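Take a look at the structure below.
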Amino acid sequence: MRSTIRGRLRAWAAGVATVVAVAGTAVTGPAAAAHDDDLGPAIEAIMHKPGYEHAQWGLLEVDPASGKVIHSRFANQFFIPGSTTKLVTISAAWHTLGPDHRFTTPVIATGTRDGATLNGNLDLVAQGDLTMGGRTKPDGSVDYTNIDHTEAELPGATLTPENPLAGLDQIAHQVREAGLTQVNGNVIVDPRLFDLPPLDPQPTPLIINDNLIDLLSTPTAPGQPAQLTWRPQVAPYQVTSTVRTVEAGGPTNIQVAASPDGTRITLSGTIAADAQPLLRTSAIQDPNAFGRTALIEALARAGVTVSADPTGPNPQDALPASYDDDPQVAAYVSPPYSQYAKLILKVSHNLGANLALCNMAVERGSRTCFDAFGIEHDFLADVAHVDPTQFQLADGRGGVASDRATPIGLDQLLAYWLGTPDADAFRLSLPILGVDGSNGISCVTDCPAKGKVFAKPGTILGADELNQRLEVGAQEEAGYLQTDSGCLHLFYVGVTGASSADLTSFLSIFDDVNQISALLQEQASAAEHHRPPAPPHAGPAH
């Protein structure tokens, strides 16, 4: 870590108070940690299932109206946050950018114009737009599936139907509508918005289809090649498949390999005749070169000819120092940031969460994405009034080994939102148990809590090579429980140190955490029915 960052961290830590507040009610860490009550036999039974022998559970439930701590277990201790980190990142980005912020990606014409001919270059000035129109629905909202293509290794990952090249097609049509039909020059992607940060996945100023090639294999008849579809189809990318269909119930196992530059992709393996279409992805290694070629091809479809070779590296060195005297001939305008925040939170979009750091830094005039941590710190301390030392964060998505968060810190952040005009919009951006997003696959049937738990899950998995199994660094979630009467409780529940035989059996741990959140919702609703009536003239309990 750079010495300047270490210095900043020491200064921040020195200025932070040790008392945090829940909706105006002071709750110190030790007091919350000391509260360790009976969670009920159903929850205790889950926490003591096989596989949790060496695990530690954390839990915190708070009634924000009264500040009462309803349940607490190790609430003031650090847990590995996984993707609950996104609650911090997106909260800060929402505040910094504003929910109505839109990214405008312009295309600038440099050189001289002679009627319908440009003797010069078209420069697409990348602005850190997460989707570039590739998920935008006709109503302007951003589309998603419960298991996103960015998580294609997970069972059930699917694609949205929108065209990944939609934004570039819009730009190309605008160029044609501006009267240009010939570009005697080049098309260049200007990626100078921010310096590429050492994050995984690495955000880039221009992102098309999440910097991925989608590869969908569909079974045919046993013994026959599987059907392959792939997108976005941009030169010089080529995909070949030797995947064959096997008998119903047979093995489905597809591997993906790519050339070093990512442009030659091969699929091999088998897919069962009764299997659902299987999605895999391959990384776009050079997003700038990919975007340049994709735009030249889009221009050709719109009737604009470019004299330069459509493939090859992006000639960034030919970019001008500035565009002060050059006309804009097209621009793609994104949906509002609240839609991007919803996408990131619903599907746990790792690239989008890391990109949010860069978006915040750029908004404050910096090209260094890690400067966003100062913005996050000040947001927590000065806006949300949450003790920043309840967190240790080194990325935007929650994938760094040093990331830590306390249940208290997460609940405090969730409490902040309840006092904002965007409280409902933020809550509805979280996965909803049994309904949509990452938690849409749990609590689907015969579940009283369905649709009443709004929470961001977090997962950290690793390989236990010694015992040939998966180690579950963390599985947790944090969010809101809505009681049957409509009151909201803040909650966190999570486990660290569990183990699982494989990815399929890991899903039972995911379901266990969701089952506990469902039981907490049922308990909170049942408590309402047994609460004595309020005395005359007393204010509402919630």
Of the residues in region 432-447 that are within 17 Å of residue 158 (Cα to Cα) and of a type outside the set (Gly, Ala, Ser), the one that is surrounded by the fewest Cβ atoms within 10 Å (Cβ to Cβ) is 435
Within region 458-470, tally of residues that are touching a residue at least 24 places away in the same chain (Cβ under 8 Å) and open to solvent by 10 Å² or more (accessible area, probe 1.4 Å): 7
Given the options 210, 190, name the one that is of a type outside the set (Ser, Thr, Tyr), at positive phi and crowded, with 20+ Cβ neighbours inside 10 Å. 210
Looking at region 397-427, which of its residues are of a type outside the set (Ser, Thr, Tyr), open to solvent by 20 Å² or more (accessible area, probe 1.4 Å), assigned to a helix (DSSP H, G or I) and touching a residue at least 40 places away in the same chain (Cβ under 8 Å)? 418, 425, 427
Residues satisfying the stated conditions in region 380-396, i.e. part of a helix (DSSP H, G or I) and farther than 16 Å from residue 76 by Cα: 380, 381, 382, 383
Restricting to region 308-321, what's the tally of residues that are within 33 Å of the chain's Cα centre (by Cα), assigned to a loop (DSSP other than H, G, I, E, B) and either on the phi < 0 side of the Ramachandran plot or surrounded by 22 or more Cβ atoms within 10 Å (Cβ to Cβ) (or both)? 6
How many residues are in contact with an Asp or Glu (Cβ under 9 Å, 6 or more places away or on another chain), within 19 Å of residue 399 (Cβ to Cβ) and open to solvent by less than 40 Å² (accessible area, probe 1.4 Å) when one looks only at region 471-491? 2
From the options 114, 169, 139, residue that is open to solvent by 30 Å² or more (accessible area, probe 1.4 Å), farther than 29 Å from residue 421 by Cα, acidic (Asp, Glu) and free of Cβ contacts under 8 Å to residues at least 12 places away in the same chain: 114
Between a first residue in region 256-270 that is without any contact (Cβ under 8 Å) to a residue 12 or more places away in the chain and a second residue that is among the hydrophobic types (A, V, I, L, M, F, W, C) and not in a strand (DSSP E or B), which pairs have beta carbons less than 8 Å apart while being 6 or more apart in sequence or on different chains? none
Within region 78-93, identify whether any single residue is open to solvent by 20 Å² or more (accessible area, probe 1.4 Å), of a type outside the set (Ser, Thr, Tyr) and part of a loop (DSSP other than H, G, I, E, B), and answer yes or no. yes
Looking at region 308-325, I want the residues that are in contact (Cβ under 8 Å) with a residue 40 or more places away in the chain and have a partner that is assigned to a loop (DSSP other than H, G, I, E, B) with Cβ atoms under 7 Å, at least 6 apart or on another chain. Which pairs are those? 308/185; 308/186; 310/235; 311/235; 311/236; 315/186; 316/191; 318/186
Answer yes if at least one residue in region 344-364 is in a loop (DSSP other than H, G, I, E, B), at pLDDT 95 or above and surrounded by fewer than 16 Cβ atoms within 10 Å (Cβ to Cβ), and no otherwise. yes
In this structure, is residue 37 touching a His at 6+ places or on another chain (Cβ under 9 Å) and at pLDDT below 90? yes
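One residue is enough: does region 500-509 have a residue meeting the conditions β-branched (Val, Ile, Thr), in a strand (DSSP E or B) and either at pLDDT below 90 or within 16 Å of residue 71 (Cβ to Cβ) (or both)? Give the derivation first.
If we filter region 500-509 for residues that are β-branched (Val, Ile, Thr), which is where we start, we get 504, 509.
Now narrow it down to the ones that are in a strand (DSSP E or B): none.
Looking for residues that are β-branched (Val, Ile, Thr), in a strand (DSSP E or B) and either at pLDDT below 90 or within 16 Å of residue 71 (Cβ to Cβ) (or both), one finds none in region 500-509, hence no.
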Name the pairs whose Cβ atoms lie under 6 Å apart, with the first residue in region 87-105 and touching a residue at least 12 places away in the same chain (Cβ under 8 Å) and over 18 Å from residue 478 (Cβ atoms), the second of a type in the set (Asp, Glu) and buried (at least 21 other Cβ atoms within 10 Å of the Cβ), and 6 or more positions between them or separate chains? 103/129; 105/129
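Could we say that residue 290 is within 30 Å of residue 330 (Cβ to Cβ) and over 21 Å from the mean Cα position of the chain (by Cα) here?
Considered against the rule, which asks whether it is within 30 Å of residue 330 (Cβ to Cβ) and over 21 Å from the mean Cα position of the chain (by Cα), residue 290 comes out as yes.
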Which one of these is under 21 Å from the mean Cα position of the chain (by Cα), buried (at least 18 other Cβ atoms within 10 Å of the Cβ) and either modelled with pLDDT under 95 or hydroxyl-bearing (Ser, Thr, Tyr) (or both): 252, 245, 270, 204? 204
Per the filter on region 274-307, residues open to solvent by less than 20 Å² (accessible area, probe 1.4 Å), within 18 Å of residue 126 (Cβ to Cβ) and outside any helix (DSSP H, G or I) are 284
Among the candidates 157, 221, 152, which residue alone is among the small types (Gly, Ala, Ser), in contact (Cβ under 8 Å) with a residue 24 or more places away in the chain, out of contact with any Leu (no Cβ under 8 Å at 6 or more places or on another chain) and more than 17 Å from residue 295 (Cα to Cα)? 221
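The values are calculated or read from the model by the stated rules, or taken from the named source; none is laboratory data. Just so you know, these numbers come straight off a predicted model, no measurement behind them. Every residue, glycine among them, receives a Cβ derived from its backbone with ideal geometry; neighbour counts consider all protein chains shown. Each accessible area value is taken on the protein alone, full model and side chains, heavy atoms only, with ligands, DNA and RNA left out. Shrake-Rupley method; radii C 1.70, N 1.55, O 1.52, S 1.80 Å.
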